[in-house]
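Chemist: Would you mind keeping the following structure in view while I ask a few things?
The values are calculated or read from the model by the stated rules, or taken from the named source; none is laboratory data. Computed from a predicted model, the values in this text were never measured in an experiment. FYI the Cβ positions are ideal-geometry reconstructions off the backbone, even for glycines, and counts take in every protein chain you see.
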Amino acid sequence: MSAPRIAVSGVLRTWDGAERTGVNAAYLQSVLAVGGVPLILSPLLGPSIASRALDGVDGVILTGGEDVDPQWYAAERSALLSPPSHERDLFELALFATARQRELPILGICRGIQLINVALGGTLFQDLPSERAGPVDHNPATPRSARGHSVRLAPGSRAAEALGAVSLQVNSFHHQAVRDLAPSLVATGWTEDGLVEAVETNGEAPWLLAVQWHPEEMHAEAGAPERGLFRALVERASARAEIPENAVG
C-alpha cells in the first residue's frame, strides 16, 4: 500500500527582496512523522487550478496564516484586522470546495478552522481582544510550542479520539476565531471561557476536523497528543486511497 498524499496549503511571502512561496516546515514534518507524503499547494496556482491541483491527492491540510477577509461573511472590516490575502482566500476557498466535492478528508489548523467555518456559512471574530475580551490570552508572546491555555473536548468526538484526551493544554497565537458556527459543523472543543477551539462534521458527512491551535509545532515531541490529529487524517486518507478511482464520487 502506498503512502497517502496530503496536500498542504501554502503561503506567498516577500523576504530577502524576493517573492517566495512555501509553508512552515512543521506541517510537513508532522505529516511525514505519521506516514503521509506532504505536497505543498501554493496560492500562486489560483482558484482556476485548484481542482487539478488535487488530482491524485488523498487528504488536505488547510494551514495557518493571514486573517480571512470579512467580505466572505458580509461584515465590515475591523480597524484591527491584519491585512488579508485576497489571492490566498480565493485559492483556499476553491481548494476547500473541491476537496469537499471529492469527499477528501480535511484537517484545518488555526486560519484553517476559520476559513472552513466561513466557507460553510459561519462568521468570525475579527479581533478577539476588542470584540470578545476574556480571561484567556489567545496570542501570548511565548515560543510557538509553548502550551498556554486549556481546551475541553467533547467525549467521543473525533477531536477527543484523535488526541486521546478530553482536555489538554495547547499552544495559541491567533486573534481571529469562530463567532457564529456554520450550520453543517459541530463544535467539539472549547476554552474555559467558551470560545470554540475545535469543530468537525457529523459521522454521515465527509470527514473533516479543524482546530484553532497549532498542533504541528509539537512535531518533535514523539509522545505529543497532537500527533494524533495528523495520524487520524493520514489514516482516513489511507483508507480512501485504497478505494478504486472509479468508485470515488
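Chemist: Say we look at the stretch 4-24 and pick out the residues that are buried (at least 17 other Cβ atoms within 10 Å of the Cβ) and assigned to a strand (DSSP E or B); which of these is modelled with the lowest pLDDT?
Modeler: L12
Chemist: Would you mind stating whether A224 is of a type in the set (G, A, S) and within 23 Å of S145 (Cβ to Cβ)? Explain how you work it out, then say what you get.
Modeler: On the way: of a type in the set (G, A, S): yes; within 23 Å of S145 (Cβ to Cβ): yes.
Against the criterion (of a type in the set (G, A, S) and within 23 Å of S145 (Cβ to Cβ)), A224 qualifies.
Chemist: Which one is nearest to S172 (Cα to Cα) among residues in the stretch 93-117 that are surrounded by fewer than 23 Cβ atoms within 10 Å (Cβ to Cβ) and touching a helix residue (DSSP H, G or I) at 6+ places or on another chain (Cβ under 6 Å)?
Modeler: Among them, the one singled out is L93.
Chemist: So, in the stretch 195-207, of the ones that are surrounded by fewer than 18 Cβ atoms within 10 Å (Cβ to Cβ) and touching a residue at least 12 places away in the same chain (Cβ under 8 Å), which residue ends up nearest to R102 (Cα to Cα)?
Modeler: So in the stretch 195-207, the residues surrounded by fewer than 18 Cβ atoms within 10 Å (Cβ to Cβ) come out as 202-206.
Then keep just the ones that are touching a residue at least 12 places away in the same chain (Cβ under 8 Å); that gives 202, 205-206.
Numbers: N202: 17, A205: 12, P206: 9 Å.
Among those residues, the one meeting the criterion is P206.
Chemist: Another question, then. Suppose we filter G65, G59 for residues that are touching a Cys at 6+ places or on another chain (Cβ under 9 Å) and closer than 25 Å to L163 by Cβ; which single one remains?
Modeler: None of the others qualify; the one that does is G65.
Chemist: Return only the number of the condition from (1) farther than 16 Å from T21 by Cβ; (2) surrounded by fewer than 22 Cβ atoms within 10 Å (Cβ to Cβ) that L90 does not satisfy.
Modeler: Condition not satisfied by L90: (1).
Chemist: Then there is this: Taking the stretch 218-229, which residues are crowded, with 21+ Cβ neighbours inside 10 Å and over 18 Å from T201 (Cβ atoms)?
Modeler: Of everything in the stretch 218-229, those that are crowded, with 21+ Cβ neighbours inside 10 Å and over 18 Å from T201 (Cβ atoms) turn out to be M218, H219, E226, R227.
Chemist: If I filter the stretch 134-156 for residues that are under 27 Å from Y73 (Cβ atoms) and hydroxyl-bearing (S, T, Y), do I get at least one hit?
Modeler: No: the stretch 134-156 contains no residue that is under 27 Å from Y73 (Cβ atoms) and hydroxyl-bearing (S, T, Y).
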